[in-house]
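The values are calculated or read from the model by the stated rules, or taken from the named source; none is laboratory data. These numbers come from a predicted model, not from an experiment. FYI the Cβ positions are ideal-geometry reconstructions off the backbone, even for glycines, and counts take in every protein chain you see. Note: areas computed on protein heavy atoms with side chains; ligands, DNA, RNA excluded. Shrake-Rupley method; radii C 1.70, N 1.55, O 1.52, S 1.80 Å.
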Amino acid sequence: MAAAMASTAERAVLEEEFKWLLQEEVHAVLKQLQDILKEASHRFALPASGSGGAVKQENFVLSTLGTDQVKGVLTLQGDALCQADVNLKMPRNNQLLHFAFREDKQWKLQQIQDARNHVNQAIYLLMNRDVNYQFKTGSEVLKLMDAVMLQLSRARNRLTTPATLTLPEIASSGLTKMFTPALPPDILVNFYINLNKLCLTVYQLHVLQPSTTKNFKPSGGSILHNPGAMFEFGNQRYEVSHVHKVECVVPWLNDALVFFTVSLQLCQQLKDKISVFSSYWNYRPY
């Protein structure tokens, strides 16, 4: 009898604590998440609601250790690469090539655009459950946390996982038509984000003659192709002879990645608290 009363009393206490968790602590965590993700959105140069104004331009110097084959300066404005000024020293003859974006062109960085959209979606989900909203069950909170975590994971993955492209896809990209003077036919370029870095890869090609004895084997999709990779484009076969990769650190991308990690941890901690209460009941009241 005493054990049953103790059990009933313990259950009542747990139910009160769980009620407090749903009514108070959940909203405190949601507010904290909103604040963090709004900071992340500012890093992506998202305009605050109701405010206008142009996004500032930032210049970044491209560099890599141990080589000066490629040098350049990139100008980033939010999710747009609005200028690229690149010098390439040709390995065969040390000839210096210079090419830059045409003044009427800019290149949208889809990875930044997608990550920004996922952050927006996470904020939207959180704002739909304002401080006046009453959570009735733990499962409701878990469902919301899962939805927010999905958007944050997608945002992070867009910055940490560049697209795998085939060499024909790079060759047919609109990026090749953005430069003045026009890129030589034996040069391919690709820009992408990797973590907190903006990367430029320059591929130098040589034409495979029909009489060549080399076994032609087209390469598949990759983030970075190696010398020796072959492909066919415009009824012509090519082989990659040299690959140059240069990069620059974009500090606000690093900030955004930190915000994503902290937010994901907060979501998981709240899920864990909800789950702890479920272990006290032999049925699922949430």
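For the range 212-239, a tally of residues being outside any loop (DSSP other than H, G, I, E, B) and under 16 Å from Asp186 (Cβ atoms) returns 8.
Table: residues versus (1) under 30 Å from Leu37 (Cα atoms); (2) modelled with pLDDT of 90 or more; (3) in contact with a helix residue (DSSP H, G or I) (Cβ under 6 Å, 6 or more places away or on another chain).
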{"site": "Val119", "(1), (2), (3)": "yes, yes, yes"}
{"site": "Gln134", "(1), (2), (3)": "yes, no, no"}
{"site": "Met149", "(1), (2), (3)": "yes, yes, yes"}
{"site": "Thr164", "(1), (2), (3)": "yes, yes, no"}
{"site": "Ile170", "(1), (2), (3)": "no, yes, no"}
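Set side by side, the residues Arg154, Arg129 differ, and just one is open to solvent by 10 Å² or more (accessible area, probe 1.4 Å), closer than 19 Å to Gln32 by Cα and of a type outside the set (Asp, Glu), which is Arg129.
Residues in the range 196-209 that are touching a residue at least 24 places away in the same chain (Cβ under 8 Å) and part of a loop (DSSP other than H, G, I, E, B) were compared, and the one that is farthest from Pro91 (Cα to Cα) is Asn196. Taking the numbered list (1) out of contact with any helix residue (DSSP H, G or I) (no Cβ under 6 Å at 6 or more places or on another chain); (2) in contact (Cβ under 8 Å) with a residue 24 or more places away in the chain; (3) open to solvent by less than 80 Å² (accessible area, probe 1.4 Å) in turn, Asp68 passes all entries but (2). Residue check: Gln57 meets all listed conditions (1) modelled with pLDDT of 90 or more; (2) polar (S, T, N, Q); (3) over 30 Å from Lys271 (Cα atoms) but one, namely (1). Restricting attention to the range 71-90 and to residues that are among the aliphatic types (A, V, I, L, M) and farther than 22 Å from Lys108 by Cα, the residue that is modelled with the lowest pLDDT turns out to be Met90. Candidates in the range 182-202 are the residues that are under 20 Å from Thr75 (Cα atoms) and at pLDDT below 90; of these, the one that is surrounded by the fewest Cβ atoms within 10 Å (Cβ to Cβ) is Ala182.
Looking only at residues in the range 211-226 that are over 21 Å from Gln111 (Cα atoms) and open to solvent by 60 Å² or more (accessible area, probe 1.4 Å), the one that is modelled with the lowest pLDDT is Thr213.
Among the conditions (1) modelled with pLDDT of 80 or more; (2) over 30 Å from Val148 (Cα atoms); (3) not aliphatic (A, V, I, L, M), Glu25 misses just one, which is (2).
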